[in-house]
Amino acid sequence: MCKVSDQIILCTCKAKSTESLKNYWSLHSFGNKTGLISVGEVLMSYYIIPDNYKEMQHQLLIKLNEGSIFDVVINIKKNDKLVIAICKTKFEFIFEGENWKHTEYDNFELENKYTKVNFGKIKKKK
């Protein structure tokens, strides 16, 4: 069973894409610059919710709102969304100007209304 540790770090380490990473994060800014419109419904493995989903979500939210989860200072704007993928489970959070709040993961909304602006690996503090 996967767990979220208080030692989690969202690293801006160089990676070619999130597809090559087992555990990763991606930051998305509101505004679709691609002109892409996606429709439909996809059921992927991340829709299988682990027993400790709420616990993991709570731990991530605490770390996000402490402001110490990224390895460097990142410019985050109101309505930016953060996706954290751990153990084939995706968590989505929205920045409300001062704090992060959990929101349901919605790939189509991200594809249609947001632009990926940053991503990286998930690591453990040394």
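Overall, the stretch 59-126 carries a charge dipole of about 460 debye about its Cα centre when +1 sits on the Cβ of Lys and Arg and -1 on the Cβ of Asp and Glu, all other atoms neutral.
Starting from the stretch 88-126, pick out the GluC sites (Glu not before Pro) whose DSSP state is loop and whose Cβ has at most 12 other Cβ atoms within 10 Å. When the GluC sites (Glu not before Pro) of the stretch 88-126 are filtered for loop state and at most 12 Cβ neighbours within 10 Å, Glu96, Glu98, Glu104 remain. Other residues lying with their Cβ under 12 Å from the Cβ of Val4 contribute a combined charge of +2, Lys and Arg counting +1, Asp and Glu -1.
Sorting the segments 65-73, 13-21 by their residues' average number of neighbouring beta-carbon atoms within 10 angstrom, most packed first, yields 65-73, 13-21.
When you filter the trypsin sites (Lys or Arg not before Pro) in the stretch 65-102 for DSSP loop state and at most 15 other Cβ atoms inside 10 Å of their Cβ, you are left with Lys77, Lys78, Lys88.
Taken together, the values in this text are just the output of simple stated rules run on the coordinates, not laboratory data. Keep in mind it's a predicted model, so treat the numbers as computed, not measured. Cβ atoms come from the backbone with ideal geometry, glycine included; neighbour counts cover every protein chain shown.
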